[in-house]
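Below: the structure, in structure tokens.
The values are calculated or read from the model by the stated rules, or taken from the named source; none is laboratory data. This structure is a prediction, so every number in the text was calculated from the model and none was measured. When we count neighbours, we look across all protein chains shown, and the Cβ atoms used for this are built from the backbone with ideal geometry, even at glycine.
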Amino acid sequence: MASDEEISEEIVKAAVKNALNYGKARESTVLNGVLSEFPEMRSEIKELSKKISVEVARINRLNPEEINSEALKYNEEFASERKEKIEKTAKPKMVLEGAENGAFVTRFPPAPNGYMHIGHAKAVFMEKEFSRIYNGHINLYFDDTNPETDSQEYVESFKKDLEWLNIGFDTEYYASDNIEKMYSFASALIKKGKAYVCDCPPEEISEKRTNGIDCTHKEKPPEENLSEWEKMLSDKNSHSILRYKGNIKDQNTALRDPTLFRVKQNVHYRQGSKYWLWPTYDFNTPIMDSIMGVTDVLRSKEYELRDRLYYEILIGLELRLPRLHSFARLEINNNITSKRKLKELIKKNLLWGFDDPRLVTIAGLRRRGIQPSAIMEFVLRFGMSKTDSKVGIEMLLAENRKIIDNKSPRLFFIKDPIKITVTEIPDSKRKIEMKAHPSESLKHRRYNLSDIFFINSYDALNLRNGDTIKLKDAFGIKIHSIEKDNIEASYLSETADSAARIPWVNKDNYLEANLLEIGDLLENEIFNEKSMLSTKGFIESYVSGIEEGGTVQLERTGFFKLDNKEKMAFVGI
């Protein structure tokens, strides 16, 4: 039976570890951690829960610097646990069956019909990592065969985001540059009796596919289908489609005579009006993979239903077969990646745009201050698992904090400022120098002080006449008079190390600032009106030396990115 001291120590360690990883400790997580170490405590779970509740509340009152300080004594143990976890989980997942060292080619295939988001990031980082592991190549392939939705704007936005993520490619190519080849392959498939032209109304096609009833056009001979295919190629007003001759009764609905080509008269962003007959994903993608030398295709498991069709197309055309590998999609709880839904919110002025920092688009994450390496570490931890990955964004934010911590100066931000006038400050104390970072890796904050300071209203509420407090990192003061909007105090010559430490700014050394704190975009699948809250206040003038896009850690508040220097607007990270 473990001693009380051992159990108490385990509670502290579990709470610190949880807060270190996710910003805040959770009682349930700490309880599970303690019970896994001391399962015999299940019989005393009520008393154990009380102890955990007290410790979690204490840890959650600490700022990030204080949590890091508490974690110092566990550093070696935590590092060992992380290493063991990586060896047990990440490494086995980063293996592709059949992939060969030095003979590996994959591709990242975005359709340029929207903005890049966290799901795309998972795919491209996985592909990039495997190209490194197998000493191979990764290509950028724009799957742009839908003139209704594809645009140059999205091509450029993908390239910009990929460059920011530090993802480079060996080759770049476009599906729309290969349409003539697709026509030739379609003709070959028709001649082999594997495809047929159909001019049934869409409603009839859908109904027959659902009920497993063959189309009346299916039995036409290849010669007749080839003739009708040639007419489709010359008639932009054709209502016919080219369908794959599959099994209309197959349990796999993807094989129920899917569409391979259809007419779309929209002007294409890259090809103009040159083509009106466009291949679908099911036809275009396997052929492009094969002829472009791709050996290994990584795609989310939602495409597994189409794997048989992918191979049947290639086998029918006697083309080389790449290997297919599936992994789970990555989604963030209470967020949206659907272009249609995002456009609706933007149109209603509920979002700034596709770079709104509440979003998990890459542009939104960049604007929020998330670092590319944090995104990489975050997405790679899921590996090739097929378990659906729908997680909270806290995991990504925690990964990001590890990266920005050392380059983020610690500053005071004062919300609802209350003026405090301090008399009798010696001249020797009117010039102050404070660390900008505990490690002293950044320049010091240096100020000349006047008699007038500002402190948070919630700190002022707790003050009483005669109290001694310490203006944090400066000096102690004694309270003499408290009024609604003004406090009178005097410099305290004695040490005040045991007094409460209070953040502050001085009248001659502050700027007005606006903090935009980010919450979940959705609440119960509905837009959360409180997903971005604005807090105005005073921030230390040290911030004027920080470039737009730089990050800071504000005492008792958290990490923020300087989004607009002119307006001194900060976005919560």
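Does residue 260 meet the test of being aliphatic (A, V, I, L, M) and either in a loop (DSSP other than H, G, I, E, B) or free of Cβ contacts under 8 Å to residues at least 60 places away in the same chain (or both)?
For residue 260, the condition - aliphatic (A, V, I, L, M) and either in a loop (DSSP other than H, G, I, E, B) or free of Cβ contacts under 8 Å to residues at least 60 places away in the same chain (or both) - is not met.
Per-residue answers, yes or no, for (1) touching a helix residue (DSSP H, G or I) at 6+ places or on another chain (Cβ under 9 Å); (2) in contact (Cβ under 8 Å) with a residue 40 or more places away in the chain; (3) aliphatic (A, V, I, L, M):
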position	(1), (2), (3)
130	no, yes, no
156	no, no, no
167	yes, yes, yes
175	yes, yes, yes
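Answer yes if at least one residue in the stretch 493-506 is on the phi > 0 side of the Ramachandran plot, assigned by TED's automatic domain parsing to the domain that holds residue 427 and among the hydrophobic types (A, V, I, L, M, F, W, C), and no otherwise.
no
Given the condition more than 29 Å from the chain's Cα centre (by Cα), buried (at least 19 other Cβ atoms within 10 Å of the Cβ) and among the charged types (D, E, K, R), answer yes or no: does some residue in the stretch 498-512 qualify?
No - not one qualifying residue is present in the stretch 498-512.
Restricting attention to the stretch 199-238, which residues are in a loop (DSSP other than H, G, I, E, B) and hydrophobic (A, V, I, L, M, F, W, C)?
Residues satisfying the conditions are 200, 213, 215.
Have a look at 492, 471, 463, 442 and point out the one that is surrounded by 14 or more Cβ atoms within 10 Å (Cβ to Cβ), farther than 21 Å from residue 556 by Cβ and not hydroxyl-bearing (Ser, Thr, Tyr).
When all the criteria are applied, what remains is 492.
In this structure, is residue 478 closer than 30 Å to residue 516 by Cα and either exposed (fewer than 12 other Cβ atoms within 10 Å of the Cβ) or not hydrophobic (A, V, I, L, M, F, W, C) (or both)? Working first, answer last.
On the way: closer than 30 Å to residue 516 by Cα: no; either exposed (fewer than 12 other Cβ atoms within 10 Å of the Cβ) or not hydrophobic (A, V, I, L, M, F, W, C) (or both): yes.
No: the conditions fail for residue 478.
Within the stretch 459-475, does at least one residue satisfy the condition of being in the same structural domain as residue 548 (by TED's automatic domain parsing), in a helix (DSSP H, G or I), touching a strand residue (DSSP E or B) at 6+ places or on another chain (Cβ under 9 Å) and not basic (Lys, Arg)?
Taking every residue of the stretch 459-475 in turn, at least one turns out to be in the same structural domain as residue 548 (by TED's automatic domain parsing), in a helix (DSSP H, G or I), touching a strand residue (DSSP E or B) at 6+ places or on another chain (Cβ under 9 Å) and not basic (Lys, Arg).
Taking the stretch 156-177, which residues are in a helix (DSSP H, G or I) and among the aliphatic types (A, V, I, L, M)?
If the condition is that a residue be in a helix (DSSP H, G or I) and among the aliphatic types (A, V, I, L, M), then 162, 175 are the ones that fit.
Report, by residue number, each residue of the stretch 327-356 that is crowded, with 20+ Cβ neighbours inside 10 Å and over 24 Å from residue 124 (Cα atoms).
351, the sole residue that qualifies.
Given the conditions (1) of a type in the set (D, E, K, R); (2) surrounded by fewer than 19 Cβ atoms within 10 Å (Cβ to Cβ); (3) touching a helix residue (DSSP H, G or I) at 6+ places or on another chain (Cβ under 7 Å); (4) under 19 Å from residue 175 (Cβ atoms), report the number of the one that residue 306 does not fulfil.
That leaves (2) as the condition not met.
Scan the stretch 419-428 for residues that are exposed (fewer than 14 other Cβ atoms within 10 Å of the Cβ) and of a type outside the set (Ser, Thr, Tyr) and report the count.
Number satisfying all stated conditions: 3.
Could you check residue 206 against (1) surrounded by fewer than 15 Cβ atoms within 10 Å (Cβ to Cβ); (2) at pLDDT below 95; (3) of a type in the set (Gly, Ala, Ser) and say which number it fails?
Among (1) surrounded by fewer than 15 Cβ atoms within 10 Å (Cβ to Cβ); (2) at pLDDT below 95; (3) of a type in the set (Gly, Ala, Ser), residue 206 violates only (2).
Restricting attention to the stretch 384-416, which residues are over 17 Å from residue 561 (Cβ atoms) and either in contact with a Pro (Cβ under 8 Å, 6 or more places away or on another chain) or β-branched (Val, Ile, Thr) (or both)?
387, 391, 412, 414
Criterion first (at pLDDT 95 or above, of a type outside the set (Asp, Glu), under 17 Å from residue 560 (Cα atoms) and surrounded by 16 or more Cβ atoms within 10 Å (Cβ to Cβ)) does residue 359 satisfy it? Write out each step before concluding.
Details: at pLDDT 95 or above: yes; of a type outside the set (Asp, Glu): yes; under 17 Å from residue 560 (Cα atoms): yes; surrounded by 16 or more Cβ atoms within 10 Å (Cβ to Cβ): yes.
Criteria met by residue 359.
Would you mind stating whether residue 180 is over 19 Å from residue 282 (Cα atoms), modelled with pLDDT of 95 or more, assigned to a helix (DSSP H, G or I) and not small (Gly, Ala, Ser)?
It is false that residue 180 is over 19 Å from residue 282 (Cα atoms), modelled with pLDDT of 95 or more, assigned to a helix (DSSP H, G or I) and not small (Gly, Ala, Ser).
Determine which single condition residue 487 fails, assuming it passes every other condition in (1) over 30 Å from residue 351 (Cβ atoms); (2) surrounded by fewer than 21 Cβ atoms within 10 Å (Cβ to Cβ).
Checking residue 487 against (1) over 30 Å from residue 351 (Cβ atoms); (2) surrounded by fewer than 21 Cβ atoms within 10 Å (Cβ to Cβ), the one that fails is (2).
Go through (1) farther than 20 Å from residue 324 by Cβ; (2) surrounded by 20 or more Cβ atoms within 10 Å (Cβ to Cβ); (3) not β-branched (Val, Ile, Thr) and name the single condition residue 184 misses.
Result: residue 184 fails condition (2) only.
Just to check your reading of the model, which residue among 286, 322 is under 30 Å from residue 234 (Cβ atoms) and without any contact (Cβ under 8 Å) to a residue 60 or more places away in the chain?
Just one listed residue meets the conditions, 286.
Out of the stretch 1-26, which residues are free of Cβ contacts under 8 Å to residues at least 24 places away in the same chain and not in a helix (DSSP H, G or I)?
Of everything in the stretch 1-26, just one residue is free of Cβ contacts under 8 Å to residues at least 24 places away in the same chain and not in a helix (DSSP H, G or I), namely 3.
Can you name the number of the only condition in (1) within 20 Å of residue 511 (Cα to Cα); (2) modelled with pLDDT under 95 that residue 442 fails?
Unmet for residue 442, out of (1) within 20 Å of residue 511 (Cα to Cα); (2) modelled with pLDDT under 95: (1).
Being buried (at least 19 other Cβ atoms within 10 Å of the Cβ), within 34 Å of the chain's Cα centre (by Cα) and without any contact (Cβ under 8 Å) to a residue 40 or more places away in the chain, is that true of even one residue in the stretch 311-319?
Within the stretch 311-319, not a single residue is buried (at least 19 other Cβ atoms within 10 Å of the Cβ), within 34 Å of the chain's Cα centre (by Cα) and without any contact (Cβ under 8 Å) to a residue 40 or more places away in the chain.
Rundown of residues vs (1) surrounded by 17 or more Cβ atoms within 10 Å (Cβ to Cβ); (2) over 30 Å from residue 129 (Cβ atoms), yes/no style:
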{"residue": "230", "(1), (2)": "no, yes"}
{"residue": "236", "(1), (2)": "no, yes"}
{"residue": "240", "(1), (2)": "yes, yes"}
{"residue": "244", "(1), (2)": "yes, yes"}
{"residue": "256", "(1), (2)": "yes, yes"}
{"residue": "267", "(1), (2)": "no, yes"}
{"residue": "284", "(1), (2)": "yes, no"}
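Right, residue 360: more than 29 Å from residue 258 (Cβ to Cβ), of a type in the set (A, V, I, L, M, F, W, C) and in contact with a strand residue (DSSP E or B) (Cβ under 6 Å, 6 or more places away or on another chain) or not?
Criteria met by residue 360.
Hand me the list of strands (runs of 3 or more DSSP E) wholly inside the stretch 494-573 holding 1 or more residues that are acidic (Asp, Glu), modelled with pLDDT of 95 or more and over 16 Å from residue 412 (Cβ atoms).
510-518, 558-564
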